1. Using a 1.4 angstrom probe on the protein heavy atoms only, could you order ILE202, ILE197 from most to least accessible area?
2. Within 10 Å, count the other beta carbons around each residue, average over each peptide in 384-393, 55-64, and list them highest first.
3. Taking every eigenvalue of the Cα gyration tensor of the range 49-92, multiplying by 5 and rooting it, what semi-axes result, largest first, whole Å?
4. Cα convex hull of the range 167-237: how many Å³ per residue?
5. Where does the charge balance sit around SER356 when Lys and Arg score +1, Asp and Glu -1, over other residues with C-beta under 14 Å from its C-beta?
6. Along the Cα→Cβ direction, 7 angstrom out, place labels at ASN372 and ILE453. What is the inter-label distance in nm?
7. Could you tell me the largest-minus-smallest coordinate of the C-alpha atoms of the range 393-486 on each of the three principal axes, in descending order and whole angstroms?
8. Excluding ARG118 itself, what net charge comes from residues whose Cβ is under 10 Å from its Cβ, given Lys and Arg +1 and Asp and Glu -1?
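The values are calculated or read from the model by the stated rules, or taken from the named source; none is laboratory data. What you see is a predicted model, and the numbers here were worked out from it, not measured in a lab. Cβ atoms come from the backbone with ideal geometry, glycine included; neighbour counts cover every protein chain shown. Ligands, DNA and RNA are stripped out before the accessible areas are found, and what is left, the full protein with its side chains, is counted by its heavy atoms. Shrake-Rupley method; radii C 1.70, N 1.55, O 1.52, S 1.80 Å.
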Amino acid sequence: MRWKFNSSVHKRMQSRELAGAMDRDDESPVRLSNSTGQEIGGPSWKHSLPHVCVATISSFLFGYHLGVVNEPLESISMDLGFAGNALAEGLVVSMCLGGALIGSLFSGSIADGIGRCRAFQLAALPMIAGACISASATSLEGMLLGRFLVGTGMGVGPPVASLYVTEVSPSSVRGTYGSFFQIATCLGLLATLFIGIPVKEIVGWWRVCFWVSAAPAALLALCMEFCAESPHWLYKRGRIGEAEVEFERLLGGPHVKSAMAELARSDKGDDAEGVKYSELFYGRHFRVVFIGTTLFALQQLSGINSVFYFSSTVFKSAGVPSDIANICVGFANLSGSIVATLLMDKLGRKVLLLGSFLGMAAAMGLQAGAANFHHLGSGTLYLSVGGMLLFVLAFSLGAGPVPGLLLPEIFPNRIRAKAMALCMSVHWVVNFFVGLLFLQLLEQLGPQVLYSIFATFCLIAAIFVRRNVVETKGKSLQEIEISLLQPEER
């Protein structure tokens, strides 16, 4: 038997009434069987895979635009007339971060207001416009405008992508799907390295680097028109019948009833009103929001983006060309992300996070030790390079892919979009200040002290994960919500 809701019913029926109806009909756990009486297993991953793959285009774009100016920056500055102006060059690199902060602040309201699919499409528009403006820029102002527009799309895309994969994936493969976004980001970063190779030989090639990025953004906007909307969002909007249809597309017909029943049970304690940001800081939601924001802050305080931004300096001191250095870092990141994809639903999120932060602490310890024994010569330099690659590899195994997957899992449906927006805003703010202050701190404190500080933050992160993070592997979103939320005070 499948639940069917005609339009006249689901327009009248509120979610709490639906929950009561489903609970009366099915108070015991749902057991699915086919016509011969044999029990049916979990939903197949094949139904949801195409939708998740389309969503990963947003992460590819995220990685691409993070790295697109690294190689061409010198050519851009010469062509646009600000060569030698360190401030202007820094603005070209960091303007994306400012746009991303603005975009992430509004991502929750956008995702809740127009839906996940439309949010993807809306995020693609400034990426297309910004890429075209940057590619055709004839002045610094035009380049900065293009980078800022691209940044706003980057700010909306990742939190919406995390929401989407969490809400459309079967619990058995949700971790694997979540790792796809880290792999796509790595591929985007690597794409910029290879596309940027001719930039020193071909005049104006940097414009091609920007024009190219408009194509995947347009593809994302087009393909999202054919992807399933999040049933969780539809249900929260009272569009029960449409939620059932989308569950059938994502999970298969036999699993619609159980999915709707789980969704109804989780919604019984929530009202239909939109959540305000102020509600995230007190009451029953504070604990999960605290876990989310702290996890993203510690991820950035580990120093990972200082490594991505300034790794070429360390490699150059060892006599390794910067382009080869960047490719080595990129492949270390990609390799770890692929391994994380294979292990996410086997070992679990918490184990990967713990191992990742501990490995990062050890790698930073290697670099601090190398800085202390700099008198030993070339051996110390190669130890520093090895420590940096190990640091990136350890990051990509857990600290990179897990937070973006784990946080939408632990946030209740009612606050999920806005809580992710808040966490991503914290991510961008800490990211900005770490990148801004890294070189100054390196000069004032020295590498040994600074790397030791980063290693300390990695150890703090491991302790925080051990004490506060719950394992979500194989659990439904509703089971996770019940285990984490404090009961409402009456």
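1. Putting ILE202, ILE197 in descending order of accessible area: ILE197, ILE202.
2. 55-64, 384-393
3. They are 33, 9, 6 Å, listed from largest to smallest.
4. Considering the Cα atoms of the range 167-237, their hull volume per residue is 102 Å³.
5. Taking every Cβ under 14 Å from that of SER356, the sum is +3.
6. Reported label-point gap for ASN372 and ILE453 is 1.8 nm.
7. Over the range 393-486, Cα extents along the principal axes are 49, 26, 25 Å.
8. Net local charge, ARG118 excluded: -1.
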